[in-house]
Structure formats: C-alpha cells, structure tokens
Amino acid sequence: MLERRQLKNRAQVTFVLPQDTPEGPVSVVGDFNDWNPAAHPLRSRGDGTRAVTISLPRHSVHSFRYLAADDHWFDDSDADTHDGSNSRLHT
C-alpha cells in the first residue's frame, strides 16, 4: 500500500506492507535510491504493519520494487502503474 502526503515542493510517500508478509527484512528499492537495498528498509509500526517514508519531487514518475529475504523481488499491487518488470509511482 502507498500512503501519500503532498507538501509544497515535495511528495512524501510511505511504502507499507503487513508486518510478516513476506517474512524477514524487506526494503523498497527503485530509481530514487539507485536500487540500493540498504537505503530504505521497512521498519515495524505499532499497527501491525511495517513502512518507510521517502521524500520525492512532486510531478515525477519512479520505478520501484520490494526486495525481501532470499533475493525475493516483488511488486506493489497498489502501485499507480506497472511497466512489465517494475511498479510505477506518480507523485
């Protein structure tokens, strides 16, 4: 799930997944962090989910995926679009 908050010149996007689905650590990786899995790991929240918030330029489009343990890559079903191999986010 994607949560969004529009600021004056930026968009805050929160990437949210259930706490244990999939099991183990998960990171969001994309063109906004050079596909670096260490840049944005999801952290536990008190509501049974885990999330990470990223500030991105408004009116931009970004490709991203999630990377879980054992090199398990997956898309976000709530993404704005998909380009065949990646989820796409429009800010």
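Numbers below:
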read-out	value
From the coordinates shown, semi-axes √(5λ) of the Cα gyration tensor in Å corresponds to which of (i) 27, 13, 9; (ii) 48, 13, 11; (iii) 20, 16, 12	(iii)
3J(HN,Hα) from dihedral phi, region 80-87, Karplus parametrisation 6.51/-1.76/1.60, rounded to Hz, x for glycine, proline	5, 8, 9, 10, x, 10, 9, 7
Carbon/sulfur fraction of accessible area - the chain, other protein chains in place, 1.4 Å, %	47
Simple label model, 7 Å out from Cα along Cβ direction - Arg45 to Gln12, nm	1.1
Sequence ranges 1-9, 76-84, ranked by mean other-Cβ count within 10 angstrom, highest first	76-84, 1-9
Gain on full stretching of the segment that runs from Thr21 to Asn33 - 0.36 nm per residue minus C-alpha separation	2.0 nm
Charge dipole (region 1-65, unit charges on Cβ, about Cα centre) - positive-most of Thr49, Trp35, His62	His62
Approximate spin-label separation Ser77-Arg58, in nm, with each point projected 7 Å along Cα-to-Cβ	3.2
Per residue value of the accessible surface for the chain (all protein chains in place, 1.4 Å probe), Å²	57
Karplus-derived 3J(HN,Hα), 6.51/-1.76/1.60, for each residue of region 3-12, Hz, glycine and proline x	10, 10, 9, 8, 10, 4, 10, 9, 10, 8
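The values are calculated or read from the model by the stated rules, or taken from the named source; none is laboratory data. Here the structure is a predicted model, which means the values were calculated and not measured. Backbone-built Cβ (ideal geometry, glycine too); neighbour counts: all protein chains shown. For the accessible areas, the whole protein counts, side chains as well, though only heavy atoms, and no ligand, DNA or RNA atoms are used. Shrake-Rupley method; radii C 1.70, N 1.55, O 1.52, S 1.80 Å.
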